[in-house]
Amino acid sequence: MKVNIIGAGNIADYHARSIKALGYELGMIADFNEKAARQLADNYGCHWTTNTDELLAEKADLVTVAVPNAFHFDVAMAAVKAGHAVLCEKPMTRSAQQSRQLVELVEQNEQPFFVGYMKRVHPTVQKFREYVARIGTMRSGLVRVYHPMPSSSWPIIKKQLAQSPNAALDGVFVNSGSHMLDLLLYLAGPVKKVLAARMQYQEGCFPKVDQMTHALLEMENGSTVTVECGWLPLFGVGKRENGWDELIELRGESGLSTLHTTLWERPQYESPVAELWDESIKTKESFNAGMVDNFQEEYRLIEKALLGEAVTLATAQEAFAVDQLIDDIFAAAKQTGE
Ligand SMILES: NC(=O)c1ccc[n+]([C@@H]2O[C@H](COP(=O)([O-])OP(=O)(O)OC[C@H]3O[C@@H](n4cnc5c(N)ncnc54)[C@H](O)[C@@H]3O)[C@@H](O)[C@H]2O)c1
């Protein structure tokens, strides 16, 4: 499989490393920042360009879109129009409206399109899906996403925003909450209605950056799910007591299933853990598949998908549902006066 990457920043390094580790071909990297493009290409021994069109004119089995969120729509649209199969980093775009347009284009062009919600590809998460099927009628759920953010970081963020107010910076809800909302929809099905939501923003950041989000969701399966997502300066909390406090808990009439997810950049040190309390046998089970690099797993599955196998990667349609839910939560937060 030959892959080309657009965007040569932080996450592109994880993609390039995975492509090489799996023995796939990394053909070209494009970034309008010449230094970034050249450096990443030098590190991984491939061609580079500052012109995205040049990359899109190249033959490849897959184009990975690894630019900041605000540019996903334009770059992914161009890649699909150029006839490429695409892996787009998450969130797919920054609005349901853009995502709907992208889904329409993907459906017209009939090229494979995957979105980088890579938490769901971990074998522990696949096992967790089996646990969820055993909880019976789902009554309630909790989606928790807390990441440690030292108070000392905020003045730096404020300064960076003041220097480049047009810089695309999304907060914790869009960047990390989106992963967990994808998991929720994947595991528990669609949301019927956002009942209430509140966003709290960090004071002094222009443009605004969210620090805490709360939402209450009515699911089509009749249950109610609470969402809490934030950047807080707490470092000793969470399953591993490292401040990374992420979980999904789904509670039904026959059981309680809990998934503790992990820090995305540490696949070699941490593994998600799935748990199930099964009321019928009064027993708690837990499952830990061990360390699996989500980025590598993503590419392995893409290769299978390109060969026609059904895989668990997020489709454009599924990622659109996440973007719609994000929009709905933002809208509900405005209605309740933040
Ligand atoms: N899967 C995950 O868990 C995960 C984790 C971190 C980041 N991400 C996602 O990865 C994406 C990139 O994040 P990052 O941290 O690497 O950002 P970054 O700012 O480090 O890098 C982005 C690069 O894209 C380049 N760029 C911007 N617009 C471009 C364009 N139109 N054409 C070509 N190059 C362009 C920039 O010059 C920069 O070098 C984001 O969408 C982010 O949400 C995903």
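The values are calculated or read from the model by the stated rules, or taken from the named source; none is laboratory data. From a predicted model like this one, the values you see are computed outputs, not experimental measurements. Virtual Cβ from ideal backbone geometry, glycine too; neighbours counted across all protein chains shown.
Summary table
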item: Cβ pairs under 9 Å, 6+ apart, first in segment 62-82 and within 6 Å of the ligand (Cβ to nearest atom), second among the aromatic types (Phe, Trp, Tyr); result: ALA66/TYR14
item: Subset tally (residues that are more than 15 Å from the ligand (Cβ to nearest atom) and either in the same structural domain as TRP264 (by TED's automatic domain parsing) or on the phi < 0 side of the Ramachandran plot (or both)) for segment 14-43; result: 7
item: Criterion violated by LYS304 - all others in (1) surrounded by fewer than 18 Cβ atoms within 10 Å (Cβ to Cβ); (2) touching a helix residue (DSSP H, G or I) at 6+ places or on another chain (Cβ under 9 Å); (3) not assigned by TED's automatic domain parsing to the domain that holds MET180 satisfied; result: (2)
item: Test: GLN98 is without any contact (Cβ under 8 Å) to a residue 12 or more places away in the chain and part of a helix (DSSP H, G or I); result: no
item: Filtered residues of segment 153-189 (kept if surrounded by fewer than 18 Cβ atoms within 10 Å (Cβ to Cβ) and in contact with a strand residue (DSSP E or B) (Cβ under 8 Å, 6 or more places away or on another chain)); result: GLY189
item: Candidates ASN166, ASN221, ASN175, filtered to the one that is in a helix (DSSP H, G or I), out of contact with any Asp or Glu (no Cβ under 8 Å at 6 or more places or on another chain), of a type in the set (S, T, N, Q) and closer than 25 Å to ASP323 by Cβ; result: ASN175
item: Check on ILE11, away from the ligand (no atom under 12 Å from the Cβ), in a helix (DSSP H, G or I) and either within 23 Å of the chain's Cα centre (by Cα) or under 19 Å from GLN296 (Cβ atoms) (or both); result: no
item: Candidates VAL143, VAL194, filtered to the one that is more than 14 Å from the ligand (Cβ to nearest atom) and surrounded by 22 or more Cβ atoms within 10 Å (Cβ to Cβ); result: VAL143
item: Residue within segment 234-248 that is under 21 Å from VAL322 (Cβ atoms), out of contact with any His (no Cβ under 9 Å at 6 or more places or on another chain), assigned by TED's automatic domain parsing to the domain that holds LEU183 and not in a loop (DSSP other than H, G, I, E, B) present; result: no
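Residue-by-condition table, conditions (1) within 19 Å of ASP182 (Cβ to Cβ); (2) modelled with pLDDT of 95 or more:
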site: THR226; (1), (2): yes, yes
site: ASP245; (1), (2): yes, yes
site: ARG251; (1), (2): no, yes
site: VAL292; (1), (2): yes, no
site: ALA310; (1), (2): yes, yes
